[in-house]
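The next block holds one structure in the form of structure tokens; read it before the comments.
FYI, it's all coordinate maths here, none of it is from the lab. Bear in mind the structure is a predicted one, so any value in this text is a computation, not a measurement. Note that we place each Cβ from the backbone using ideal geometry, even for glycine, and neighbour counts take in every protein chain shown.
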Amino acid sequence: MSSTAPAAGSGASRRWLALGLIAAAQFMVIMDTSIIGVALPEIQADLGFTPEGLSWVFNAYVVAFGGLLLLGGRLSDLLGARRVFATGWAVLAVGSLVAGLAGSPAVELVGRAVQGAGSALIAPAALTLLFMTFGGSPKELTRALALYGAAAPAGGTAGVFLGGLLTEYASWPWVFFINLPLAAVVLFLTPSVMPAGATRRGSLDLAGAVTVTAGLASIVFAVVRAPQEGWTSTGTVVAGLGGVALLGLFVLLQARREQPLVRLGIFRAPNLAAANAAQFLLGAAWIPMFFFVNLYLQQVLGLGAFASGAALLPLTVTIMVGMIAVAPRLIARFGPKAMTVAGLATLAGGLLWLQAISPDGSFAVDVLPATLVTAAGMAMAFIPSLGLALSSAAPEEAGLASGLVNTNYQIGSALGLAAMTAVASAAGADQVGDLVALTDGFSAALLGAAGIAAFGAVVAALWLRTPQAVPATASADEAVAA
């Protein structure tokens, strides 16, 4: 078994450089889900995607990412987090190169799926490395988690902003090529600043990995295709039921294997299942908001790709400030359960306000104030629910816990977006050029997202347990780590 001590970089400066690489990982994997949004029309025109097939430029990444995260977490526990982290960056770079050079829809989707597979290795290993590097100090762990959490919305907004900038002033392949220099820097620095992580004896549950990935892909496929094919069509029903059956088979396999991909007993850990449910519903509400606000800005208000990305910068700044400076203090005062509930409720309120958009509205009146409220809700809910999910598992299952929470957030994002896209289409968003119908469709999707967030607040209130009481004089750092 290899040592878990940090490599020749145990000093403070190297630990914070390690955090920079970990935050860069979170930034990149989230950015890659959003950066292609404004480039999709150019990709469709150049590669010949059908309107239905175009959505898979997004979904191929998310399904591979979400479906393989559990395998990535298991590999991190068995082979060492640093090795899996570096391998993931190499795979992401290869996928980015393939996607950028693609000359046909099939090659483009392969590249996106390879990108998702690389991210599925990176994300759980990154969280494991974070806990290995900062877990000995509650104060430093809180700061590290806050910076890590802030990297996610920063990546989401940067993806929209950079996607618009690169598409407008360069060409769409650069939304993929931008990953290459960062991957090179991370691969160069990782051996000297990251702890190696322990290696353990064990086997890989490849059958489990295949069934869970195929099951999730089938369900997402059914939801994405339903607006065109019909919810009761043979294709939709077969894909949906097939996905459910595969996930049922996955659970059966996990219950019978000596070394499963997911030890089902882990869900008996206090708060782990509830915190993962909160992360699932948070992603299911947040990503549709981001997606439809961007469409409203471009297709109804008439902003260009670059201007639309820039318009979302206040939202990102609010989230980052909230996560780093405000949320830890509020968690210290009220506790992680209360903040998760309040954050989801605030997000629901902001989305309810946002759904009042109008065809002749403006960014300053219809979008900015409501999105700042949603940003405050995201900042309050994300860190405490993430911390509760990760701290519930035993140290030897840190990779599994990281894979679970990332899987729930990403699959929640994919299913939430697919479902709200169906809602938007049914309410008129498929009538391109009709500003009233488009707005009605976007409004319906935002209202649906508000319902998801409100349901998340109820789930968190009823299911999450209050951790051991924190003394009133405790610091914000100690409270978050509790």
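I need Asp32, Asp360, Asp440, Asp205 ordered by Cβ neighbour count within 10 Å, fewest first.
Asp360, Asp440, Asp205, Asp32
Dividing the Cα radius of gyration by the Kirkwood radius, what Rg/Rh value follows for region 206-260?
Checking Rg against Rh, the ratio lands at 1.11.
For a quick protection proxy, order the peptides 71-81, 161-171, 395-405, 53-63 by their average other-Cβ count within 10 Å, most packed first.
Those peptides, ordered most packed to least, come out 71-81, 395-405, 53-63, 161-171.
Could you tell me the calculated FRET efficiency between Arg257 and Leu313, based on Cβ-Cβ distance and R0 = 35 angstrom, to the nearest 0.05?
Calculated transfer efficiency: 0.15.
Would you work out the charge dipole size for region 1-204 about its Cα centre, treating the Cβ of every Lys and Arg as +1 and the Cβ of every Asp and Glu as -1, and quote it to the nearest 20 debye?
Taking the Cα centre of region 1-204 as origin, the dipole is about 1040 debye.
As a footprinting exposure proxy, order Met323, Met289 by other Cβ within 10 Å, with the fewest listed first.
Lowest to highest Cβ neighbour count: Met323, Met289.
Can you check how the C-alpha radius of gyration of the chain compares to 2.2 N^0.38 Å, as a plain ratio?
This ratio for the chain stands at 0.92.
In what order do Met132, Met339, Met378 fall by count of nearby beta-carbon atoms within 10 Å, going from fewest to most?
Ordered by Cβ neighbours within 10 Å, fewest first: Met132, Met339, Met378.
Tell me the mean residue ellipticity at 222 nm calculated for the chain from its helices only (DSSP H runs of n ≥ 4, each -39500 (n - 2.57), averaged over every residue, nearest 500).
That calculation yields -25500 deg cm²/dmol at 222 nm.
Take each complete run of DSSP H in the chain, measure how far its Cα atoms stretch along the helix's own axis, and keep only those covering 20 Å or more with mean Kyte-Doolittle hydropathy at least 1.0; list them.
Helices meeting the criterion: 56-79, 81-101, 105-134, 179-193, 206-229, 234-256, 272-295, 336-354, 368-391, 435-463.
Could you tell me which residue out of Ala381, Ser96, Ala269 lies farthest along the dipole of the chain toward its positive end? Charges go on the beta carbon: Lys and Arg +1, Asp and Glu -1, centred on the Cα centre.
Ala269
With +1 assigned to the C-beta of every Lys and Arg and -1 to the C-beta of every Asp and Glu, and no other charges, what is the dipole magnitude of the chain about the Cα centre in debye, to the nearest 20?
Charge dipole of the chain: 1720 debye, to the nearest 20.
Taking the dipole about the Cα centre of the chain, with the C-beta of Lys and Arg at +1 and of Asp and Glu at -1, give me whichever of Leu253, Thr167, Gly302 is farthest to the positive side.
Result: Leu253.
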